[in-house]
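The next block holds one structure in the form of structure tokens; read it before the comments.
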Amino acid sequence: MNVLPPSIADLTDDDLIALYGAVPFGAAQVGDGLEARVDSAASAGGWLRVNFVSTLDGSASAGGVTAGIGGPDDLRVFDLLRRVADVVLVAAGTVRDEGYGPMRVRESDVAWRRAHGMPDHPVFAIVSGSLSLDPTSNVFTEAPVRPLVLTSSVAPADRRAALSEVADVVACGDDRVDVALVRAALVDRGLARIHCEGGPSFLGSLIAADLVDELCLTVDPSLEGGAGPRIARGASPELRRMRLAHVLRGEGDVLLTRYLRRS
């Protein structure tokens, strides 16, 4: 008896896009059942998907970065999830730690997005309470779409002015960044399919505010055995129950899982 999950190698990119329920709003290919309900919910109030990778013992990084875990199939899904997103949402610390550059998708992704009536590239939205971001970074200067910086009303005025030259700076809260207002600000701008890539503290805040609709978690078959962080850090008032949508097996026995909120 074969009790292993299906192999991702047997699936085309179009198969994966359908499996992840990632048809753009209003597209004719929206299916029945679960994914139709996902699409309906997203079009009404946005859909916040988070994408993380973890070792078997729960570390979200190896040597301080995620690049050493996950493998090629994790990167394949990662790229496809960006392909179908309106906006890629990342906390500033992760942008710095992971060495993010300008938010560009591949030429094949651009072609797919054009064919489905979407802009060439997703918007890059960076969350930063302190605005400790370099406006001369290529994240901003080479961005194909003007980025968003989501902050609070008490952020330093000089940093706000400098970043406003290269990005739209939006206050989402008075004395701190309110993650519910972050989500609302994106949806108000028509950026309803939200793809969040971290980091742990930001995910912890999203969980505490019950804003996570979907978690795509890649489980790398390795033991980090050190001081690596969990994928989420913070304090939630209660467990947020999710339900399994699918599991795929990747190269090297990586598992690619997808969970949706139960409600």
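Being more than 23 Å from VAL212 (Cβ to Cβ) and out of contact with any helix residue (DSSP H, G or I) (no Cβ under 7 Å at 6 or more places or on another chain) holds for only one residue in ASP158, ASP178, and it is ASP158.
The set of residues from segment 186-195 being within 16 Å of the chain's Cα centre (by Cα) and either among the aliphatic types (A, V, I, L, M) or surrounded by fewer than 16 Cβ atoms within 10 Å (Cβ to Cβ) (or both) comprises LEU186, VAL187, LEU191, ALA192, ILE194. When ASP178 is tested against the conditions (1) over 28 Å from VAL65 (Cβ atoms); (2) surrounded by fewer than 18 Cβ atoms within 10 Å (Cβ to Cβ), the lone failure is (2). Taking segment 157-176 as the range and being in contact with a strand residue (DSSP E or B) (Cβ under 6 Å, 6 or more places away or on another chain) and among the β-branched types (Val, Ile, Thr) as the test, the residues that pass are VAL169, VAL170.
All conditions but one from (1) farther than 18 Å from GLU224 by Cα; (2) not in a loop (DSSP other than H, G, I, E, B) apply to SER54; the one that does not is (1).
Pairs are defined by a Cβ separation below 7 Å, a sequence spacing of at least 6 or placement on different chains, a first member in segment 209-238 that is at positive phi, and a second member that is among the charged types (D, E, K, R) and surrounded by fewer than 14 Cβ atoms within 10 Å (Cβ to Cβ); the pairs so defined are GLY225/ASP57. Taking every residue in segment 117-132 that is under 30 Å from ALA157 (Cα atoms) and pairing it with any residue that is of a type in the set (S, T, N, Q), at least 6 positions away or on another chain, the pairs with Cβ-Cβ distances below 7 Å are SER128/THR151; GLY129/THR151; GLY129/SER152; LEU131/THR151. Just one of the listed residues (ASP109, ASP74) is of a type in the set (D, E, K, R), over 30 Å from ASP210 (Cβ atoms) and modelled with pLDDT of 95 or more, and it is ASP109.
When segment 123-175 is filtered for residues that are in a helix (DSSP H, G or I), of a type outside the set (A, V, I, L, M) and surrounded by fewer than 20 Cβ atoms within 10 Å (Cβ to Cβ), the ones remaining, listed by number, are ASN138, THR141, ASP158, ARG159, ARG160, SER164. The residue list GLY204, GLY198, GLY228 contains one member that is surrounded by fewer than 22 Cβ atoms within 10 Å (Cβ to Cβ), at pLDDT below 95, outside any strand (DSSP E or B) and among the small types (Gly, Ala, Ser), which is GLY228.
Checking ARG83, ARG76, ARG96, ARG104 one by one, the residue that is more than 12 Å from the chain's Cα centre (by Cα), closer than 24 Å to ARG189 by Cα and charged (D, E, K, R) is ARG104 and no other.
The values are calculated or read from the model by the stated rules, or taken from the named source; none is laboratory data. From a predicted model like this one, the values you see are computed outputs, not experimental measurements. No Cβ is skipped: glycine too gets one built from the backbone with ideal geometry, and neighbour counts run over all protein chains shown.
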